[in-house]
Amino acid sequence: QVLLEESGGGLVQAGGSLRLSCAASGSIFSLNRMGWYRQAPGKQREWVAHITSGGDTNYADSVKGRFTISRDNAKNTVYLQMNSLKPEDTAVYYCNLGQRSYIYWGQGTQVTVSS
């Protein structure tokens with residue numbers, strides 16, 4: 001079993017920054033991919049970014065150049081540095097981990113960007 005715990009959400013003004021963290025615990029294998037998704041009110045959950053255990057990253061076009069995903073393999077933790085935040089970034093942000101055909105999700109953390 002794998003547990004994911006997100007932290008770092010909050011309220012920020014447009015143009016500001018936030019850093020999200022997601023700590024994984026349990027049966028973590030060395031080869032995995034961790035990522036962030038988000039879900040705004042009334043919308044479907046959408047992919048934001050992911051990073052492999054080898055450090056390869058990929059981003060949605062909507063956040064490219066503003067968000068940076070990183071990870072600390074020793075701590076089984078993934079981070080999302082969010083800069084130049086916009087009101088349309090307001091959503092619940094979910095962390096996920098994929099390994100050996102299984103996908104695990106965290107409970108989510110609220111990010112609210114005021115205009």
(request) Tell me which of these residue 70 doesn't satisfy, since it passes every other one: (1) over 14 Å from residue 5 (Cβ atoms); (2) touching a residue at least 24 places away in the same chain (Cβ under 8 Å); (3) not in a loop (DSSP other than H, G, I, E, B); (4) not basic (Lys, Arg). (result) (2)
(message) Checking residue 32 against (1) free of Cβ contacts under 8 Å to residues at least 24 places away in the same chain; (2) under 20 Å from residue 2 (Cα atoms); (3) surrounded by 14 or more Cβ atoms within 10 Å (Cβ to Cβ): exactly one of these is not met. Which one?
(response) (1)
(message) Can you pull out every residue in the stretch 25-49 that is out of contact with any Cys (no Cβ under 8 Å at 6 or more places or on another chain), at pLDDT 95 or above and of a type in the set (A, V, I, L, M)?
(response) 40, 48, 49
(request) Answer yes or no: is there a residue in the stretch 50-64 that is part of a loop (DSSP other than H, G, I, E, B), open to solvent by 70 Å² or more (accessible area, probe 1.4 Å), modelled with pLDDT of 95 or more and under 20 Å from residue 2 (Cα atoms). (result) no
(request) Quickly run through the stretch 70-97 and pick out the residues that are surrounded by 20 or more Cβ atoms within 10 Å (Cβ to Cβ) and of a type in the set (A, V, I, L, M, F, W, C). (result) 78, 80, 82, 85, 91, 95, 97
(request) From the list 101, 27, pick out the single residue that is small (Gly, Ala, Ser), touching a strand residue (DSSP E or B) at 6+ places or on another chain (Cβ under 7 Å) and surrounded by fewer than 13 Cβ atoms within 10 Å (Cβ to Cβ). (result) 27
(request) Tell me, yes or no, whether the stretch 97-108 has at least one residue that is over 18 Å from residue 23 (Cα atoms), in a strand (DSSP E or B) and at pLDDT 95 or above. (result) no
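The values are calculated or read from the model by the stated rules, or taken from the named source; none is laboratory data. Everything numeric in this text was worked out from a predicted model, so none of it was measured. When we count neighbours, we look across all protein chains shown, and the Cβ atoms used for this are built from the backbone with ideal geometry, even at glycine. Each accessible area value is taken on the protein alone, full model and side chains, heavy atoms only, with ligands, DNA and RNA left out. Shrake-Rupley method; radii C 1.70, N 1.55, O 1.52, S 1.80 Å.
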